[in-house]
1. Among the listed residues 167, 178, identify the single one that is within 25 Å of residue 244 (Cα to Cα), within 16 Å of the ligand (Cβ to nearest atom) and under 27 Å from the mean Cα position of the chain (by Cα).
2. Those residues that are within 14 Å of the ligand (Cβ to nearest atom), crowded, with 24+ Cβ neighbours inside 10 Å and more than 14 Å from residue 271 (Cα to Cα), I need them from the stretch 213-242; list them, please.
3. Across the stretch 62-90, which residue is nearest to the chain's Cα centre (by Cα) among those that are of a type in the set (A, V, I, L, M, F, W, C) and farther than 29 Å from residue 182 by Cα?
4. Scanning the stretch 95-139 for residues that are more than 21 Å from residue 320 (Cα to Cα) and among the charged types (D, E, K, R), which turns out nearest to the ligand (Cβ to nearest atom)?
5. Determine which single condition residue 140 fails, assuming it passes every other condition in (1) farther than 22 Å from residue 74 by Cβ; (2) within 26 Å of the chain's Cα centre (by Cα); (3) assigned to a helix (DSSP H, G or I).
6. Looking at this structure, is residue 135 assigned to a helix (DSSP H, G or I) and more than 17 Å from residue 182 (Cα to Cα)?
7. Which pairs have Cβ atoms under 7 Å, sit 6 or more apart or on different chains, and link a residue in the stretch 288-302 that is closer than 18 Å to residue 343 by Cα to one that is modelled with pLDDT of 95 or more and of a type in the set (Lys, Arg)?
8. Can you tell me which residue within the stretch 222-257, out of those that are among the aliphatic types (A, V, I, L, M) and within 19 Å of the chain's Cα centre (by Cα), is farthest from residue 196 (Cα to Cα)?
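The values are calculated or read from the model by the stated rules, or taken from the named source; none is laboratory data. Treat the numbers as computed from the prediction; the structure is a model and nothing was measured. Cβ atoms come from the backbone with ideal geometry, glycine included; neighbour counts cover every protein chain shown.
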Amino acid sequence: MQKYAKMVIDKDFRISEIDKRIYGSFIEHLGRAVYEGIYQPGHPSADENGFRRDVMELVKDLNVPIVRYPGGNFVSSFVWEDSVGPVELRPRRLELAWRSLETNEIGVNEFAKWTKAVGADIMMAVNLGTRGVADACNLLEYCNHPSGTKYSDLRISHGVKEPHNIKTWCLGNEMDGKWQLGSKTPEEYGRLAYETAKAMKLIDPTIELVSCGSSNTDMPTFPQWEATTLEHTYEHVDYVSLHQYFGNRDNDTENFLARSMEMDHFIKTVISVCDFVKAKKRGKKNINLSFDEWNVWFHTDAEDKDTMDNRPWQQAPALLEDHYTFEDALLVGLMLITFIKHADRVKMACLAQLVNVIAPIMTETNGPAWKQTIYYPYLHASKFGRGIALQPVLSSSKHDTKEYTDVTDVDSVAVYNEEADELTIFAVNRDLKDDIVLTCDIGNFEGYSLIEHIVLECDDMKATNSAVQQVVAPKAGNETKVDGRIVTSNLHKASWNVIRLGKRA
Ligand code: AHR
């Protein structure tokens, strides 16, 4: 029996302008993200700075607006001073988070050069694990103060005359996690983050600060962590962070594809805690959400543990090199749809990570850079998901999975790009057996016609890409038609769909 879903779209059903920073990403000093990832002098594609041009091209295609750096768990024992100044004088250090060897060949200034080359801003994290207020202030002075002080002049002596003017700063990373170096109780973190935020805003009042939220929804302290810490930090911070990774460990694809509902619930809970604190403080400002780590991550858990336990202190070891399947790409698409639906409060999000480490882009040491399956939904959302998020009035058949009830077979959201006068519908059919006909009443978008329907689908849910074969790649769909204000599209079973409409076609 043919299945149907319906959606009503209207220019006036505005959720919010989408902050482009929800298409951000993350580069950590971890595995081969930096060394052999973005930086590999001697590689045929390397530029004069040693940055791989093939990687830069793929990053530029993604139009990544902001990149979180340098961690992650790495930041909690990062000594930023080791990473600046003449490269030959920089110390080699035991990197404790990932039990690797850090050469410090790439540091703050080199990374700033790379982000400039790819057209992205930096979201910088400070070490609140093993360090504190003074070190965070010194780093900020080094990065953002023009000149005439100890650390700004130190930067200038390192050949960087103009300040980096980094606008977004994370106050530590996953401080609730026992795995984190210098992890803290909510009270300890709240106090430290408050004092650090206060001091940092004295140095540069134009910066925006992210207070650490819970590492995931399974943390025993979630969501009390957010309530307690924000009560300390509310006055001086602008965002709270959320992190979430999903895996399909028991090979239950239906259940796996329902996990975006958990993310949705996570976002709603954190919003309510932020609003509770605002009310308690009689505050005026909203604390918004920075979902600054999200992805699928589970494929290489055992190998990574083995490497760190049994072969530690390697330089740029292969760690967290998950090879993503087609079903992972579907979940990534669903997670992106979830962010767009929450565009009024989720203002930043970082796909963790960008190159080689749980990443959309992989590199061969002696070969090319290539695109993982998850590259494509991320590309499409970043390219076509800019503008106004429109409230999806969606009705779809539903199913239950092992852990979730009332999972819609179709999840969808629409984005109106006023500048280009384009309407884009993102839709995932997460029904593994049946195609579903999606009928959209596009209301006052009447007169728009189809530009293209892009489809990502694959018969094998476990298919992966490689340097030699793009098994999972988008193709043109030809089962969408527009008749006045009704758009009808056949969404193939288990597929990611991007339906673009415009006046100009
Ligand atoms: O992205 C990989 C790791 O996941 C990060 O270092 C940490 O913040 C999180 O647990």
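1. Numbers: 167 fails: within 16 Å of the ligand (Cβ to nearest atom).
That would be 178, the only listed residue that is within 25 Å of residue 244 (Cα to Cα), within 16 Å of the ligand (Cβ to nearest atom) and under 27 Å from the mean Cα position of the chain (by Cα).
2. Of everything in the stretch 213-242, just one residue is within 14 Å of the ligand (Cβ to nearest atom), crowded, with 24+ Cβ neighbours inside 10 Å and more than 14 Å from residue 271 (Cα to Cα), namely 215.
3. Taking the stretch 62-90 as the starting set, the residues that turn out to be of a type in the set (A, V, I, L, M, F, W, C) are 62, 64, 66-67, 74-75, 78-80, 84, 87, 89.
Those still in the list that are farther than 29 Å from residue 182 by Cα too: 62, 64.
Values: 62: 12, 64: 10 Å.
Across the stretch 62-90, the extreme among qualifying residues is 64.
4. 131
5. For residue 140, the exception is condition (1).
6. Values: assigned to a helix (DSSP H, G or I): yes; more than 17 Å from residue 182 (Cα to Cα): no.
Considered against the rule, which asks whether it is assigned to a helix (DSSP H, G or I) and more than 17 Å from residue 182 (Cα to Cα), residue 135 comes out as no.
7. Close Cβ pairs satisfying both conditions: 288/345; 288/347; 289/345; 289/347; 290/347; 292/68.
8. Going through the stretch 222-257, the residues among the aliphatic types (A, V, I, L, M) turn out to be 227, 230, 237, 240, 242, 257.
Still in the list and also within 19 Å of the chain's Cα centre (by Cα): 240, 242, 257.
Values: 240: 15, 242: 20, 257: 39 Å.
Ranking the candidates gives 257 first.
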